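Following: one structure in structure tokens, then a few remarks.
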Amino acid sequence: DGGITQSPKYLFRKEGQNVTLSCEQNLNHDTMYWYRQDPGQGLRLIYYSQIVNDFQKGDIAEGYSVSREKKESFPLTVTSAQKNPTAFYLCASSRGAVNYGYTFGSGTRLTVV
Amino acid sequence: GQQLNQSPQSMFIQEGEDVSMNCTSSSIFNTWLWYKQDPGEGPVLLIALYKAGELTSNGRLTAQFGITRKDSFLNISASIPSDVGIYFCAGRRSRDDKIIFGKGTRLHILP
């Protein structure tokens, strides 16, 4: 079955460390996204990528970095510059450059300890 | 960034009751999407709407694309325990094709 796989499900990080969240999709979707979700908040866009080796900042890109070396993969690095990284991170993908309905992964919960 | 006004923020209902929630905006949208999120999981698409006035059903769920293109609602009939979760609306804004999410409606069902 096609879908999006995020790993790990839970991640703990010490302050000052960088961590990388994985996102892989086998839907042959062109566009991939990273969202951050905090309690009581909607989804806030971090980065998105419409094509390999290209990506654009979303609304809250500071302290995050991404890469898109393959169509199927869009890893997110949470850097030590991100002041409040504890959150639930969701990866999504959609077909085409114009964003139709998303397919979401099951999320990664990052906790800074 | 701009978010949609989704209401209510939370609902407590009895099993078997009908549920209604809505999203409004000052911007015009050309697509409305309704998602459900279970705890610790990613949102799952319930209904997609692409034309003003469109009324679409998915089982006990019914959603409509507002005539003004600035709002949408979702109804759930005869609620059951597995309907518990957070329901998000999302709209694709016409002027820039950007997807905007509401903050969600948390549905609780009382035994």
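The values are calculated or read from the model by the stated rules, or taken from the named source; none is laboratory data. Being a predicted model, the structure only gives us computed values, none of them experimental. Methodologically, a virtual Cβ is constructed for each residue, glycine included, from the backbone with ideal geometry; neighbour enumeration extends over all protein chains shown. Ligands, DNA and RNA are stripped out before the accessible areas are found, and what is left, the full protein with its side chains, is counted by its heavy atoms. Shrake-Rupley method; radii C 1.70, N 1.55, O 1.52, S 1.80 Å.
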- Query: Pick from B:ASP18, B:ASP38, B:ASP96: which residue has the top mean-square fluctuation in a GNM of chain B where Cα pairs under 10 Å get a spring?
  - Reply: B:ASP96
- Which aspartates and glutamates, on any chain, are close to A:LYS70 with Cα under 16 Å apart, when same-chain ones fewer than 8 places away are left out? A:GLU24, A:ASP30, A:ASP54
- Message: Only sites in a loop by DSSP and with at most 14 other Cβ atoms within 10 Å count here; which chymotrypsin sites (Phe, Trp or Tyr not before Pro) in the stretch B:1-57 make the cut?
- Response: B:TYR50
- Assign unit charges at the C-beta atoms only (+1 for Lys and Arg, -1 for Asp and Glu), then state the dipole size of the protein assembly as shown relative to its Cα centre in Debye, rounded to the nearest 20. 480 debye
- Length gained, B:LEU110-B:PHE12, 0.36 nm per residue minus C-alpha separation, equals 34.6 nm
- Whole-percent carbon and sulfur share, accessible surface of the stretch A:42-100, 1.4 Å: 47 percent
- Would you mind working out the accessible area per residue for chain B, using a 1.4 Å probe, and quoting it in Å²? 47 Å²
- Estimate for me the total accessible surface buried between chains B and A (protein heavy atoms, probe 1.4 Å, no ligands or nucleic acids), in Å² to the nearest 100. 1600 Å²
- Note on the structure: Flagged as over-length at 25 Å C-alpha distance, from A:LYS9/B:LYS103; A:LYS71/B:LYS36; A:LYS9/B:LYS98; A:LYS71/B:LYS98; B:LYS70/B:LYS98; A:LYS9/A:LYS83, the pairs are A:LYS71/B:LYS36; A:LYS9/B:LYS98
- Note on the structure: Taking the chain alone as reference and the full protein assembly as comparison, with a 1.4 Å probe on protein heavy atoms only, the residues of the stretch B:42-57 that lose at least 20 Å² of accessible area are B:GLY42, B:PRO43, B:TYR50
- Computed lengthening from B:VAL84 to B:SER57, 0.36 nm per intervening residue step minus Cα-Cα distance: 7.8 nm
- Could you give the distance between the Cα centres of the stretch A:31-97 and the stretch B:64-85, to the whole Å? 28 Å
- Among B:GLY85, B:GLY42, B:GLY66: highest mean-square fluctuation, GNM of chain B, C-alpha pairs under 10 Å: B:GLY42
